[in-house]
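Notes for the one structure printed next.
The values are calculated or read from the model by the stated rules, or taken from the named source; none is laboratory data. Please read these numbers as outputs of a predicted model, since none were measured by experiment. Here Cβ is always computed from backbone atoms with ideal geometry, including for glycine, and neighbour counts include all displayed protein chains.
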Ligand SMILES: Nc1ncnc2c1ncn2[C@@H]1O[C@H](COP(=O)(O)OP(=O)(O)O)[C@@H](O)[C@H]1O
Ligand SMILES: [Mg+2]
């Protein structure tokens, strides 16, 4: 449903998106995961015809997004990272005007508005000005708005940004329901790996405009084995633990004074690793063991932690 | 196309009638102009009611310019706040987005113009000419507003900030009025200024307004009316061009 190839976008000297490729089959959810400034919004703007790519092709539901943007606009629903709700309108009016913009007749507008307000549980607040809404309510109204024209494909740019855990879970529930009951194809962007892991069948990790890894969450995480052993010690700068070439080691790296080893079975291997380090004369100061996550994939592919980047 | 234009116009009108501050401000502004320019300055002259009659078209032009600047502001505000993107992902022509904003601008200006005329007449301005003259004045005023609304939207389509926009708009708002026949008859002005004034859409409008509210002979106004219509089209075209360039970036 969504096919992009060789996408390029440059702003002045900033290469916002570089040679990006992305395919989302019908009915599946794709998460574009990356820190702030990675190029997620730029990508979504190009896919939704708001921004013309410098190079590359985009085909959405069989329509070329550059040559035939109106055909694409007819089948997509979009929510933006920064909320665009008009504070001087009520929630019901905002939906009504959106339907009007597309030329929906009054009866259909009224009916869809009612259904969607019920769906996102905003009936009680429907006639209040959206300026009085909380962040979570606004995100929900935005979701309702982008569903107003019954799109085939949703593009959601950071749909849970700035929400508390309860509201995030609420949005996730709606999105899962849309996929399961309506077979909706979705592309979401996020800088939260838990969100990508929970919602998406396919994840693309993007950093500095480049797609650095992509696949199903299980595939991406699978390269680290089933568990990840982390050990902090006084590693010399060029430390090379040659004994980590064993077949049970899926993957290893030392970053910020921490050795991380993806292994097939943590509790069975941890002693071996500690022995190896001790034999090399190192002082271990801390250790733990976790299931690997998309955050580890990100760290591995970019050399930086996803969470630290988010704050900057 | 019509749907989308109407939807955007309606949205602005709904917001406008709800916004007491804006409503009040737009109401008081024309009253102030009439009081300051017409009555205040008129006191210095022997024949008061005549100066107000002379000034009224200028006040209308000023009101229209203010309305156009406000329309650009409204557009810039929607653009900077991202509301514009909501329209941009909809399968509607770019022109309809512009026209929606321009129609809303003209409607608000129209509301002010009615007040200017009422207040002006109450303060002693004399309106002759009859229905045809008034109609010609109205058409001229709408074209004049559309043209400047187009320029204002064109500026707003690219401005990075509200301050930048105001800077640009100030450049042509008041100077335009001073370089026209709004405040004084052109006969006494230096030749270069007369030429400047002749190329000024404000002069075209004021000519139409003055002559058609004083006599019933329309023929002298046809050229001015034609020029104003051309100006309206040119303004819209400029706005559309600048707007398209932004969306394609
Ligand atoms: N309109 C623009 N003009 C200039 N630079 C831009 C513009 N939009 C985005 N950028 C730059 O492009 C890069 C990617 O931005 P963006 O796509 O917004 O990232 P993300 O959504 O992943 O946080 C950033 O370095 C940003 O500063
Ligand atoms: Mg973004």
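Tell me whether the stretch A:67-79 contains one or more residues that are in contact (Cβ under 8 Å) with a residue 12 or more places away in the chain, facing chain B (nearest Cβ under 10 Å) and part of a loop (DSSP other than H, G, I, E, B).
There is no residue in the stretch A:67-79 that is in contact (Cβ under 8 Å) with a residue 12 or more places away in the chain, facing chain B (nearest Cβ under 10 Å) and part of a loop (DSSP other than H, G, I, E, B).
Conditions: (1) within 14 Å of chain A (Cβ to nearest Cβ); (2) farther than 30 Å from residue A:103 by Cβ. Residue B:89 meets all but one. Number of the miss?
The single condition residue B:89 does not satisfy is (2).
For the stretch A:37-50, enumerate the residues that are in contact with a strand residue (DSSP E or B) (Cβ under 8 Å, 6 or more places away or on another chain), within 10 Å of ligand 2 (Cβ to nearest atom) and either farther than 18 Å from residue B:84 by Cβ or in a loop (DSSP other than H, G, I, E, B) (or both).
Residues satisfying the conditions are A:38, A:39, A:40, A:43.
Collect the residues in the stretch A:16-26 that are closer than 21 Å to residue A:185 by Cα and either in contact with a strand residue (DSSP E or B) (Cβ under 6 Å, 6 or more places away or on another chain) or within 7 Å of ligand 1 (Cβ to nearest atom) (or both), keeping them in residue-number order. Please lay out each step first, then the result.
The initial filter retains those residues of the stretch A:16-26 that are closer than 21 Å to residue A:185 by Cα, namely A:20-26.
Residues satisfying the conditions are A:20, A:21, A:22, A:23, A:24, A:26.
Residues of the stretch A:9-36 being touching a residue at least 40 places away in the same chain (Cβ under 8 Å) and either within 14 Å of chain B (Cβ to nearest Cβ) or within 13 Å of ligand 2 (Cβ to nearest atom) (or both), which ones?
A:9, A:10, A:16, A:17, A:32, A:33, A:34, A:35, A:36
Mind checking which residues of the stretch B:169-196 are in contact with a helix residue (DSSP H, G or I) (Cβ under 7 Å, 6 or more places away or on another chain), closer than 16 Å to residue B:65 by Cα and free of Cβ contacts under 8 Å to residues at least 24 places away in the same chain?
B:179
Among A:95, A:116, which is the only one that is in contact with a helix residue (DSSP H, G or I) (Cβ under 7 Å, 6 or more places away or on another chain), more than 14 Å from every other protein chain (Cβ to nearest Cβ) and assigned to a helix (DSSP H, G or I)? Please lay out each step first, then the result.
On the way: A:95 fails: more than 14 Å from every other protein chain (Cβ to nearest Cβ).
None of the others qualify; the one that does is A:116.
Under the condition of being more than 13 Å from residue A:178 (Cα to Cα) and in contact with a strand residue (DSSP E or B) (Cβ under 9 Å, 6 or more places away or on another chain), which residue from the stretch A:130-147 is farthest from the other protein chains (Cβ to nearest Cβ)?
Restricting attention to the stretch A:130-147, the residues satisfying the condition of being more than 13 Å from residue A:178 (Cα to Cα) are A:130-142, A:145.
Now narrow it down to the ones that are in contact with a strand residue (DSSP E or B) (Cβ under 9 Å, 6 or more places away or on another chain): A:130, A:139, A:142, A:145.
Values: A:130: 11, A:139: 14, A:142: 10, A:145: 8 Å.
This residue is A:139.
Is it true that residue A:127 is over 18 Å from residue B:92 (Cβ atoms), touching a strand residue (DSSP E or B) at 6+ places or on another chain (Cβ under 7 Å) and within 12 Å of another protein chain (Cβ to nearest Cβ)?
Details: over 18 Å from residue B:92 (Cβ atoms): yes; touching a strand residue (DSSP E or B) at 6+ places or on another chain (Cβ under 7 Å): yes; within 12 Å of another protein chain (Cβ to nearest Cβ): no.
No: the conditions fail for residue A:127.
Could you figure out which of (1) at pLDDT below 90; (2) away from chain A (no Cβ under 14 Å) isn't true of residue B:20?
With (1) at pLDDT below 90; (2) away from chain A (no Cβ under 14 Å) applied to residue B:20, the lone miss is (2).
For every residue, the table says whether it meets (1) within 14 Å of chain B (Cβ to nearest Cβ); (2) surrounded by fewer than 23 Cβ atoms within 10 Å (Cβ to Cβ); (3) over 27 Å from residue A:261 (Cβ atoms); (4) within 16 Å of ligand 2 (Cβ to nearest atom).
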position: A:165; (1), (2), (3), (4): no, yes, yes, no
position: A:196; (1), (2), (3), (4): no, no, no, yes
position: A:212; (1), (2), (3), (4): no, yes, no, no
position: A:216; (1), (2), (3), (4): no, yes, no, no
position: A:227; (1), (2), (3), (4): no, yes, no, no
